[in-house]
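So the structure is just underneath, and the comments pick up after that.
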């Protein structure tokens, strides 16, 4: 374990060490078929773990599964149903 | 040296002005008011370039000091009694965040019944908060202690808040000839506050995290160690202050005629002056008696107390607070440090002056006489049994 | 995305509306802010030592003193000549800001500090296990306002914090919610251009406390607006200057039935009377703010 810091001050964005993806039961799968590049899946993600570019087959939108908790908001909100929730296999 | 006859509150606010706090935040409460009124005037007149936050409660006064201190400002607040209790949880927070806030406590009794007069019940309640707690004997010492408080608290080895207790009314509202140091001398003695860590976008750190059971105890251990280690700094600053200003009221304690004494009176705050006078008179009649002033109540001067008291015949502790359901607090702590030292003298315990009852020289003489004739486990000085009902449930 | 100011790896529940709200708020406010945060879910999920989800200078002190801590930060920036360095934000949940921290918030408002106060309103004490707060709406089940033989859930209407802020003379008061993220972004940005105290109350659904599926956070947030249960408004210098119009006002049941906290209002004898009371609140909101 690391030494305690002065007054337990911690470093910015150090939570990235915490891999919350292990919480997942379902995971989103981007079909990269009808994606219109609206980025809604990125905007509504409470984890801030969705990124990518492009549309339709060129779309690279995806979650960083190190952090994705599988809440399913992205799939629910995708206006063209280009994201589906599938059972996590671990 | 120029002496001025000043009211205690005026003298303290003048010296706070010289310490140049950046942010002052306070809420009015008797008998602290004159201090913050004077500071308000200094800010209003442009004599003190500080932000004065007129908060809606003492809880917020302490919280605003916390926020300001964490942003890199030197901060000041003052309160007493109920106000201090309302601040309490914030005070724990301030020490753990290692913020050298300075607070003046104009000691006053705790309600109920409501009582605005002096005792130490308010300040004593702070004993587990992680604050350095200094008690002033007189107005001059209160003045000097405030300068020292910033120097101690802001020392890189310490970085802890300091509360200075000065007896409400007895020191805040009385007049004494005092010397308020010059601005140049204070500037020379007290460097600008320059913390290593503070809230800034240039280094966006996170303050006030929570810690799980595998780290919390270590965090509290560190705080306890730092507070204990601050003894060195308290003593060092007292000596440096003497070199710079020529006055010395003791370091962690002040021993007054204790070296050859058989009997030592122990106390905190303004009672010490009365004890000194009484013992001076008794010495003239060949009584070997002295006084131990507890100047730093936290950190507790365990070694100094043992070294002063271990070979005495009798120790008489007079204190202005009570742990209800148990009894004495200061006397208990003194007994506690003496117990394992191997040479524990008899310690008699007196609780006096709760709610501002006067302690005259006569009172002290009576206490000494009583202690000479019997073993006093716990005595309430001047308790008027005539007004006690037969049955406390009626 | 990695350029979110709220970093991934925080421990909010899946689908947390509050985490989403903070992500959107921080991205709108940008990096030049200092945040004072009340005790509560947002503090717990973001600051488990030694990890922090915050990319900006941030302090948590206590539950009820956030606005006072922020007041001290703002005063210090001013006196130290660092005012241009950062905007100060004081934020917490509905309990931290509108209940236990109400006195400190009121003080911050009336003293005129240049601070944006944000209530992340999930309508109960979620961090301690969903107890009723002053912002819990009428009829909602919480663990301390449970439905029972003699009870239909919370018996009081929601405390009207935005109007309380207005009564303090706060020059910019707004409400927002995560489903209307552009509106939220606009309001945060606008508030930060205004000197003095500002108040924004953001409805943030709590899947755990509201008992809805985590995937429905945006849906529920949207329905709160579409039913006129949660009007999105802007009040500037005491005048209502903008509302998010509701094109087709939906009955409150559509909002309520998605949430387990209102389950007792469906299929129980006498429920209609209570549903009607909630509908009346929505109707009054629509009228009062001209939402439809």
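Every read-out reported here was derived from the displayed coordinates using simple, explicitly stated rules and does not represent laboratory data. These numbers were taken from a predicted model, which means no experiment stands behind them. As a convention, Cβ positions derive from the backbone with ideal geometry for all residues, glycine included, and neighbour counts pool all protein chains shown.
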Checklist outcome for this item: Checking rank on B:4-13, C:86-95, C:65-74, with mean other Cβ inside 10 Å and highest first, the result is C:65-74, C:86-95, B:4-13
Checklist entry - Pairing the Cα long axis of helix C:271-289 with the longest principal axis of chain C, what angle in degrees results, from 0 to 90 and rounded to the nearest 10? => result 40
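Just for segment B:254-387, what percent of DSSP beta bridges are antiparallel, to the closest 5? Write down the numbers at each step before the final one.
Details: 4 of 21 bridges.
Close to 20 percent.
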Checklist entry - Under the definition of Cα pairs under 8 Å and six or more residues apart, what whole-number percent is the relative contact order of segment B:254-387? => result 24
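What does the helix-only formula give at 222 nm for chain C: each DSSP H stretch with n ≥ 4 adding -39500 (n - 2.57), the total divided by the residues, and the result rounded to the nearest 500 deg cm²/dmol?
Details: 10 runs with 99 residues, N = 292.
Roughly -10000 deg cm²/dmol at 222 nm, from the helical runs in chain C.
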Checklist entry - Ratio of Rg to Rh for segment C:181-292, alpha carbon only, Kirkwood? => result 1.02
Checklist outcome for this item: Connecting every pair of Cα atoms under 10 Å apart in chain C and solving the GNM, the largest mean-square fluctuation among C:48, C:268, C:132 falls on C:268
Item to check | Helix B:33-44 vs. chain B, principal-axis angle (Cα, 0 to 90°, nearest 10) | outcome: 20
Next on the checklist: If you average 1/r across every pair of different Cα atoms in segment B:254-387 and take the reciprocal, what Kirkwood value do you get, in Å?
Outcome noted: 14.8
Item to check | Peptide ranges B:255-266, C:158-169 listed from the most packed, as the mean C-beta count within 10 angstrom indicates | outcome: B:255-266, C:158-169
Checklist entry - Among B:16, A:66, B:368, which comes first, then next, by fewest other beta-carbon atoms within 10 Å? => result A:66, B:368, B:16
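Can you compute the helix-only [θ] at 222 nm over chain B? Use -39500 (n - 2.57) per DSSP H run of at least 4 residues, normalise by all residues, nearest 500 deg cm²/dmol. Mind dumping the intermediate values first?
Details: 12 runs with 157 residues, N = 394.
Mean residue ellipticity at 222 nm (helix-derived): -12500 deg cm²/dmol.
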Checklist outcome for this item: Counted neighbours (other Cβ, 10 Å), sorted fewest up, put B:37, B:141 in the order B:37, B:141
Checklist entry - Comparing C:98, C:224, C:14, which has the greatest mean-square fluctuation in the GNM of chain C with Cα pairs linked when under 10 Å apart? => result C:14
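Quote to one decimal, in nm, the extra length available between residue B:214 and residue B:201 on full extension: 0.36 nm per residue of separation minus the C-alpha distance between them.
Result: 1.6 nm gained on full extension.
Taking Cα atoms of the protein assembly as shown, Rg/Rh with Kirkwood Rh, to two decimals? Don't skip to the answer; put the middle values down first.
On the way: Rg = 30.4 Å, Rh = 28.7 Å.
Radius of gyration relative to Kirkwood radius: 1.06.
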Item to check | Where a label projected 7 Å from the Cα of residue B:157 along Cα→Cβ would reach, residues of segment B:227-253 with amide N under 13 Å | outcome: B:227-240
Item to check | residue C:269 versus residue C:163: modelled label distance in nm, points set 7 Å from Cα along the beta carbon direction | outcome: 3.6
Item to check | Overall dimensions of segment B:2-245 by Cα: Rg and Dmax, Å | outcome: 17.1, 56
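Just tell me how shielded B:188-197 is by partners: mean number of partner chain Cβ atoms within 10 Å of each residue's Cβ, no decimals.
Mean partner shielding for this stretch: 1.
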Checklist entry - Of the beta bridges DSSP finds with both residues in chain C, what % are antiparallel, to the nearest 5? => result 30
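Counting only other chains, and only Cβ atoms inside 10 Å, what mean value do you get across the residues of A:51-57?
On the way: counts 4, 1, 0, 0, 0, 0, 0.
Taking all residues of A:51-57 together, the mean is 1.
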Checklist entry - Roughly how many whole Å is it from the C-alpha centroid of segment B:1-74 to that of segment B:358-387? => result 38
Item to check | Between 0 and 90°, nearest 10: helix B:361-373 axis offset from chain B longest Cα axis | outcome: 50
Next on the checklist: Using a Debye calculation, one point per C-alpha and no hydration shell, please list log10 I(q)/I(0) for segment C:17-289 at q = 0.07, 0.09 Å⁻¹ in order.
Outcome noted: -0.23, -0.39
Item to check | Nearest-0.05 FRET efficiency for residue B:88 and residue C:156, computed from C-beta distance (R0 25 Å) | outcome: 0.20
Checklist entry - GNM on chain C, C-alpha springs below 10 Å: top fluctuator among C:227, C:247, C:177? => result C:247
Checklist outcome for this item: With bins of 10 Å, the percent of all Cα-Cα pairs of chain A per bin from 0 is 17, 42, 23, 11, 6, 0
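Pairs of Cα atoms under 8 Å, at least six residues apart: use those to get the relative contact order of segment B:2-245, whole percent.
Working: 457 pairs, mean separation 57.9, N = 244.
Taking the mean separation of contacting Cα pairs over the length of segment B:2-245, I get 24 percent.
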Checklist entry - Taking every residue in B:96-106, how many Cβ atoms of other protein chains lie within 10 Å of its Cβ, on average? => result 1
Checklist outcome for this item: Restricted to the protein assembly as shown, the DSSP antiparallel beta bridge percent, nearest 5, is 30
